[in-house]
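Notes for the one structure printed next.
The values are calculated or read from the model by the stated rules, or taken from the named source; none is laboratory data. Small disclaimer: the values here were computed from a predicted structure and weren't measured. Counting neighbours? That spans all protein chains shown, and the Cβs are built from the backbone with ideal geometry, glycine included. Note: accessible area is taken over every heavy atom of the protein model, side chains too, but ligands, DNA and RNA are not part of it. Shrake-Rupley method; radii C 1.70, N 1.55, O 1.52, S 1.80 Å.
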Amino acid sequence: MKRDVVESAVDSVDLRLAARLAGLRTEHGWSLGELAERSGVSKSTLSRAERAEISPTASLLNRLCGVYGRTMSQLLSEVEAEPAPLVRGAEQTVWADPASGFVRRSVSPPHPGLRGELVEGRLTAGADISYDRPPVPGLEQHIWVLEGALDVTARGVEHHLDAGDCLRLRVWGPTRFRCTGPDAVRYVLAVVLP
C-alpha cells in the first residue's frame with residue numbers, strides 16, 4: 001500500500017512539473033522548435049515532458065532551467081504539493097502595524113501553484129496608508145468593504161466605498177487606503193497575479 005501512495009505522489013509531481021514546463025514555454029512565447037534550438041533537447045522529448053509522458057531527467061531539467069534563467073530548486077518549488085484546500089482561522093497569519101492602525105489577516109495565503117490570495121484588512125478610524133508602487137505591476141485587486149467606509153485612490157482617482165461596495169482594478173502605480181469615517185473599516189482584498 002505504501003508503494004502505491006509514493007508512486008501516486010510522484011505521478012502528481014510529474015503532472016505538475018509537466019504543466020509548469022509547458023507554462024514556462026508559453027510565457028516566453030516559444031514554439032517547441034524554438035525551445036529545442038535554445039536547449040539542445042529534441043522537440044519530441046520536450047513535447048513528451050510537457051505532456052507528462054516521460055519523467056524529465058535531472059540533465060533535461062538542468063538544460064531547461066538554464067534556458068528559463070532559474071535554478072532547479074526554483075523550478076521545483078513552483079510545482080510543490082498542492083496547497084491545502086482548507087486554511088483554518090487559527091492558522092491564518094495576522095500582522096499589525098500599530099503606527100498606521102492597519103491589521104492584515106492572510107485568509108488564503110499565496111502559494112507558488114496559485115495566482116490569487118485573499119486578505120482581510122482592517123483600518124482604524126482616521127488611518128491613512130499609502131503605497132508608492134505595487135509589488136507586481138499590473139496586479140489585479142478586488143476590494144470588497146464588509147463594514148464601515150473606505151476611500152481608495154488609484155491612478156489619481158479617488159473611490160469612496162461603503163459596506164457592500166466592491167472596487168476592481170489593476171494596480172500600476174501609487175495607491176492610498178483611507179478610513180475617513182467615524183468607525184473602523186473591515187474589507188476583503190482579493191489579489192490576483194497578472
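When residue 87 is tested against (1) at pLDDT 85 or above; (2) not in a loop (DSSP other than H, G, I, E, B), exactly one condition is not met: (2).
Screening the candidates 117, 158 for the property of being under 16 Å from the mean Cα position of the chain (by Cα) and in a strand (DSSP E or B) yields one hit, 117. The residue that is farthest from residue 22 (Cα to Cα), counting only those in the range 38-69 that are among the hydroxyl-bearing types (Ser, Thr, Tyr) and crowded, with 17+ Cβ neighbours inside 10 Å, is 39.
When each of 127, 190 is tested for being buried (at least 16 other Cβ atoms within 10 Å of the Cβ) and in contact with a Ser or Thr (Cβ under 8 Å, 6 or more places away or on another chain), the lone residue that passes is 127. Based on what the data block shows, is residue 142 without any contact (Cβ under 8 Å) to a residue 24 or more places away in the chain and not in a loop (DSSP other than H, G, I, E, B)? Spelling it out, it is not the case that residue 142 is without any contact (Cβ under 8 Å) to a residue 24 or more places away in the chain and not in a loop (DSSP other than H, G, I, E, B). Close contacts from the range 55-80, counting a first residue that is part of a loop (DSSP other than H, G, I, E, B) and modelled with pLDDT of 80 or more and a second that is of a type in the set (A, V, I, L, M) and surrounded by 16 or more Cβ atoms within 10 Å (Cβ to Cβ), with Cβ to Cβ under 6 Å and a gap of 6+ residues or different chains, come to 56/49. Of all the residues in the range 76-106, those that are open to solvent by 90 Å² or more (accessible area, probe 1.4 Å), in contact with a strand residue (DSSP E or B) (Cβ under 7 Å, 6 or more places away or on another chain) and either among the β-branched types (Val, Ile, Thr) or within 30 Å of residue 64 (Cα to Cα) (or both) number 1. Of the candidates 185, 145, the single residue that is within 24 Å of the chain's Cα centre (by Cα), of a type in the set (A, V, I, L, M) and surrounded by 12 or more Cβ atoms within 10 Å (Cβ to Cβ) is 145. The criterion of being assigned to a loop (DSSP other than H, G, I, E, B), open to solvent by 50 Å² or more (accessible area, probe 1.4 Å) and not polar (S, T, N, Q) does not hold for residue 27.
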